[in-house]
Structures are given as structure tokens and as C-alpha cells.
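Student: Quick one: the structure is below, questions incoming.
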Amino acid sequence: MARRRNSSSDEGVNLDSLMDALTNVVAVLILVLLLVQADVAQKVVQFLEGLKPATPEQIVEAKETIEELEKKQSRLDQLLSKEAPSQQQIEAEQRQLALLEKNRKERKDLLADLAELKKLAKKAEKERDDEAAKTEKVTAEIARLEALLDETPVLKVEPTIVGIPSSRLIPKNAEVYHALVFNDRVHFIDPITPLKLFEEEFKKAKRNFPNQRIKQRGSDRYIYEAPPILKHFESFDFENSRKQALKLIAYPTGTRMHIQVNPDLKEGGTSLEELQKAEGTFPQILRKLRGDSSTVILFHVHPNSFNTYLQARRLTDKVGIAAGWEVKPWQSYAIRIDDVEIKRQQEPPPPKPSERPPNLPPKID
């Protein structure tokens, strides 16, 4: 029986197809490589054409940069060629660094203290300059006052013999006026007219003021609340034309109200020079009062104005008006309203106990 021969025609066909496929792939790759190479060459040409030639300054700068880099590289090579430091050297360097750090902190603290001292010094300089400016102003004012004093003529007061007049009681029906003598000015106080105006206005508005009625023998007693009365008289006109401010007041522990008279201490009243003129305010008032024999004037004299009082008292005696005086440094006068009782707003403090037994005479040192 004859052996069948193997046919290889199918295998040849398969190898040819594979070779064709490989050839096509290689061709495509070669084509892609050629295209990429052509594109890269074009890009290189475009890059080289787009480069601008370096200027001489840029070339010099580049050379200096290269030299600096070479120096750094040389220093690094030298450091690398040296032997590594020993443990003792490292510890010595660490101690040196710690000492430097300590010195740095101390120096920082010293700088902070120095800054604080500079602030304090600046503040002290400012205070010194302010005090110097104040001193300069005071010195200038003193110089101005000394110049005025040099130009001011000395006021000559005639020698006066002050005697003690014979004392006598003030009549019960007398109309007593007051005069405050302060800072060489005489302020005449009329307590009669404001009290009369108050009584008239109080009678008109009496029904509007709350009160407590206390029955007793004779006429009943009325105790009024002070705040409504004070509010009613806040803008009341007491008809004063002598530069005096009049105001109704009530002391918290008191049971009577007062009319407070506050003169204008600078421009009100009558000065010592104006007392010598007939048209002065106080001489004119004396001329109006001299016809009334029941008039009495009480002078309240401040110690710094005794000469002014003597001149005013001389004028008062000259027109025949009875007068008295006392040393009191009053700058205002309070007119007591006795006919209207008010409720205390607070109780007065208890009197302090006496430190000395009442029956012993006072000790004289």
C-alpha cells in the first residue's frame, strides 16, 4: 500500500499572507517615521530661525554666571575632598552655636529694653516740652501783669479812724436790706420784693400744690411737697435789674424753702471807683431809701474788701440810713420763706457726741 504524501500548499499560502501583513506594517511604520522626522526637522528649522542672536551684555552675563558656578563647584569639590569632622569637633561647633544663640537672645532682650527706654525718653521729653510751654505762658502772663501794675496808679485811700459805734437793736418793724461786699464790689440785696412776689404767685397757684393737712388748735397746719412748687417757679420772673440771678431752692433736710440770690461777681454791683460817683448803682439806691426811717442795711464784708466797705458805709451814714456789718465771705444770699412749710426729703444726720464733758471749761493750749 502506498504512503500518502503530505501536501504543503496550504502552509505556503499562510506564510505569504503573514509576510504581506508584516511588510505592510513595516511600510506604514517607515512612512510614519519619515513623516515624524520631516515634522521634527521642520520644527527644528522653525526654532532655529525663531532664535534671536544673543547681545554682548547677555554673553558677558552668561560668562559671569558660568564662572560663578565653576567657583561654587570648586568649593564643593574642596569640601568633599576634606575629611569628615570628628565627634569632638561637632560637639565644639554645637557649643559654639548654643553660645551664639544665647548671645542673640540676650541682645534681643537688650534691644527690647532699649526700645522701651526710648519710648520713656520720648514721653519724658514731651512732658518736659509741655511744662516748658506752660511755664512760658505763665511767665508771659506775669510779665503782662507786672507791666499793667507798673502803669496802674496807686489807689489812695484817705486815712480812716475805725471806731466801735454804740450798738442798738434793730426795730421789729424795720425793713432790713443786705449788701455783700466782695472783691471790692458792693452788691445790694433786696429780700423784700422777691418774697412779696413769691407770696402773690403762691396764693394764685396754691391749689395745684399737694399738701398734708394737720389739724390743730387755731389754724390748721399745711405741709407741702417741695418738687411741684420748685418746678412751678423754675421760670418765674422775680423782677431783678441788678445783674442778680434769683432761684427758688429747697435743702433736702430743711422744712423751709429759700430764694437764692446770686450776684454777678465780676460785672454786677458797684465797684470802689463807682462809689465815688453820683450815678453809681449803690449811691442811687441810697438816695431812694433815705426818706424811710425804718430802713436798715446790713453789710456782709469779705476780708479782702474792707476799704470798699468803709467807703460804702461812709455814704450810708451820710444819707442817714441805719447800718450794721459783720465779716462774712458770702458770695450769695438766701432769703428764707417762713410762711410755707415743706416736707423733708431726707432726715438730717444725728448730732455728733461731744468729746469733752459738758461741765468742764475748754482747754487752752
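The values are calculated or read from the model by the stated rules, or taken from the named source; none is laboratory data. Every value quoted in this text rests on a predicted model; they were computed, and no experiment measured them. Positions of Cβ are generated from backbone atoms using ideal geometry, with glycine treated the same way; all protein chains shown enter the neighbour counts. Heads up: the accessible areas ignore ligands, DNA and RNA and are worked out on the full protein's heavy atoms, side chains in. Shrake-Rupley method; radii C 1.70, N 1.55, O 1.52, S 1.80 Å.
Student: Show which lysines lie in cross-link reach of Lys137 when reach means a straight Cα distance below 22 angstrom and same-chain residues fewer than eight apart are skipped.
Tutor: Lys123, Lys126
Student: If you don't mind, another one. How much of the accessible area of the chain, probe 1.4 Å, is carbon plus sulfur, in whole percent? Present the calculation step by step, with values, prior to reporting the outcome.
Tutor: Values: 16390 of 29770 Å².
Reported share for carbon and sulfur atoms: 55 percent.
Student: Extending each Cα 7 Å along its Cβ direction at Lys134 and Leu110, get the distance between those two points in nm, one decimal.
Tutor: Rounded to a tenth, the inter-label distance reads 3.8 nm.
Student: Also: Report the extension gain between Lys343 and Ile249 in nm, rounded to one decimal, defined as 0.36 nm multiplied by the number of residues separating them, less their alpha carbon distance.
Tutor: 32.5 nm is the gain from fully extending Lys343 to Ile249.
Student: Which whole-number value in Å³ per residue fits the convex hull of the alpha carbons of the chain?
Tutor: Per-residue hull volume (Cα only) is 970 Å³.
Student: Separate question: Find the accessible area per residue for the chain; the probe is 1.4 Å, ligands and nucleic acids are left out, and the unit is Å².
Tutor: 82 Å²
Student: Here is a further query. How long is the gain from Arg217 to Phe236 if the chain were fully straight, where each residue apart is worth 0.36 nm and the alpha carbon distance is subtracted?
Tutor: 3.4 nm
Student: With a 1.4 Å probe and every protein chain left in place, tell me how much accessible area Lys206 has, in Å² to the nearest 10.
Tutor: Here the residue's solvent-accessible area equals roughly 90 Å².
Student: Once you keep just the Cα pairs under 8 angstrom separated by 6 or more residues, what percentage relative contact order results for segment 240-361?
Tutor: The value is 33 percent.
Student: With the contact rule set at Cα under 8 Å and sequence spacing of 6 or more, what percent relative contact order holds for the chain?
Tutor: 16 percent
Student: Considering only DSSP beta bridges with both partners in the chain, what is the antiparallel share in %, to the nearest 5?
Tutor: Numbers: 24 of 39 bridges.
Percentage antiparallel, nearest 5: 60.
Student: OK, next. If contacts are Cα pairs under 8 angstrom and at least 6 residues apart, what is the relative contact order of segment 188-240 in percent?
Tutor: RCO, segment 188-240: 31 percent.
Student: Apply 1/(1 + (r/R0)^6) to the Cβ-Cβ distance of Asn173 and Glu201, taking R0 = 30 Å, and write down the FRET efficiency to the nearest 0.05.
Tutor: 0.75
Student: Please report, ordered by residue number, every helix of the chain (full DSSP H runs) that is 15 Å or longer along its axis going by C-alpha atoms and whose mean Kyte-Doolittle hydropathy reaches 0.5.
Tutor: Helices passing the filter in the chain: 9-50.
Student: Students sometimes get this wrong: rank Asp109, Asp130 by accessible area, probe 1.4 Å, all chains present, largest first. Each step should come with its number before you reach the end.
Tutor: Working: Asp109 95, Asp130 65 Å².
Per-residue accessible area, sorted high to low, gives Asp109, Asp130.
Student: In segment 223-311, which GluC sites (Glu not before Pro) are in a loop and have at most 12 other Cβ atoms within 10 Å, using DSSP for the loop call?
Tutor: Those satisfying the criteria are Glu234, Glu239, Glu267, Glu273, Glu279.
Student: Then there's this: Which of the lysines could a cross-linker span from Lys343 if the Cα-Cα distance has to be under 27 Å and same-chain partners fewer than 8 positions apart are dropped?
Tutor: Lys196, Lys203, Lys204, Lys206, Lys215, Lys231, Lys247, Lys352
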